Amino acid sequence: MPKHLQLERISPDTSAEKFFSEYVSQRKPVIVSGLLDDASFQGRKWTNLDYLAQKAGDVEVMVEPIHPTANQYGTDVERISVTFRDFIASLRKKEGPYPYLTTQYSDDEPDAETIFPPPTNALRDEFPIVPRIMGNLFLQQVNLWLGKSKDGSSSGLHHDFHDNMYCLLKGRKRFVLFPPKEVGNLYPYGVLDTLHPNGLIAYEDIPVRADGLSQRAAAKARVQALERKIHALKAKGKGKAKAPSKDLKRLMDAHDAALDELAELALDEDGIGEEDDFDTLMGGLDDLDNVDAGGAGLSGHDEDDEEDGEGGVSDEDEWEEWKGIGHTDDESEPSNHEGADEDNESDEDEEAPLGEQATRPTEPSSFSRIPTAHLHRYLGIATTAALPPSFSTSDFPGLTKTTDPYVVELSEGEMLYLPASWWHEVTSTSVGDSEDGNDVHMAFNYWFYPPDALDNFESPYRDTLVWDFLQAKAAAEQGSREVEEQSCPRKRARESMDTGGEGSKKARR
């Protein structure tokens, strides 16, 4: 039996600079002994299910039933659409099995993903968009995880494609962790394409850069960024005898090259099924003249916001984004993140009864073929998962060649930082009073695009032309929403009560 390694623990008031230099840049997981210290973080309220139902009960969510034979989540079981209120009510039943709330995707637009999917869109005024400790990373998505299992239920072994800050609000979570380099010994469903220097794993069906963008998405951003610079330079030269022709020619040549690259990528990727992610990445900001290049946008805080409450983004607005790393246009190849590992959209309009499952033929590329029960038995830890009937230990000899894993016991009120592509299996256990129906496990997490400039706290992404452009577009988008919200007295009053904390949050996604 391999040795179980233990992670370091740090205080939640650790500076963002220190957190970046010692953990983010080192691609090193760490336990944070407390929840976010941002003044706007109100996640502790959500452990009261009555409050949660009142606050967000009307939104529609997709929940995953537990697999009937494997007795775990993160499988090919089809999710079910219910109101969040009805889902909470289902967790208060005396007997299971209980469904699990994980990542959310749109039924109407399966290729779209929002930064704030339900029910987090109804909780937007109660958490920072960018936690102080995360510095200048760029937000990809937030999620609420909610389920019930007295004996413990597993997510299955898998990895995410984004840096994860996992906040445990209620219950217990046991994490089994392996570093990305063990991809060859952990039998993913996908075929490895690249293991990037920052640890991000890319598969042949999901080819991405180290910063999490596809080559095509980055090329589109580069084209538009150069167009913005060209427009600005031309405007600067208006009224003068001669525009700065050398600079203009240099930009025009770069723009032509970027267009050629984009056209080539579009041809190469035809038929691969890769999501054309940039159009949705920043939401529909087509007017480049409205972009303020000085804005901090979605990736950190600028000076003017440092003393403010969270950025004002309308609760009603959903910021559509690319489907995300780990997702393809092929509906038979669903993909999920961390505890969310289930996430398979229904191909039919008909709703199944809560708790009834339907299977799909494939698993996400980022999931391991190793049965959870085998992993647990090999590590000598308790399990409620079951082995498949045809299982043989000889099918997975690589498991015995892995480095010693970290086995992390996370308690409510603690956080876990996981860099992108760290393999993890999560066993969730409920705690609480069964009489009032609050005996659940609950977590809230942030995903960030993985940084690839690991020596630069201020600018953690190497492709500065692309990321400065995405950041500026995000700032302009957020600014337009703030103008809308200021026209609503009720929202204005609420925001005035939220200001005054140090945790300004500019969405980073």
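The values are calculated or read from the model by the stated rules, or taken from the named source; none is laboratory data. Not measured: the values here are computed from a predicted model. Virtual Cβ from ideal backbone geometry, glycine too; neighbours counted across all protein chains shown. Ligands, DNA and RNA are stripped out before the accessible areas are found, and what is left, the full protein with its side chains, is counted by its heavy atoms. Shrake-Rupley method; radii C 1.70, N 1.55, O 1.52, S 1.80 Å.
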Can you tell me which residue in region 401-424 is farthest from Leu35 (Cα to Cα), limited to those that are surrounded by fewer than 24 Cβ atoms within 10 Å (Cβ to Cβ) and among the aromatic types (Phe, Trp, Tyr)?
Tyr406
I'd like the residue in region 1-52 that is among the hydrophobic types (A, V, I, L, M, F, W, C) and farther than 24 Å from Pro450 by Cβ and, out of all such residues, is nearest to the chain's Cα centre (by Cα).
Trp46
May I ask you to list the residues in region 425-453 that are touching a Leu at 6+ places or on another chain (Cβ under 6 Å) and either open to solvent by 10 Å² or more (accessible area, probe 1.4 Å) or outside any loop (DSSP other than H, G, I, E, B) (or both)?
Glu425, Asn438, Val440, Met442, Ala443, Phe444, Phe448
Looking for something touching an Asp or Glu at 6+ places or on another chain (Cβ under 6 Å) and at pLDDT below 85 - is there at least one such residue anywhere in region 78-97?
yes
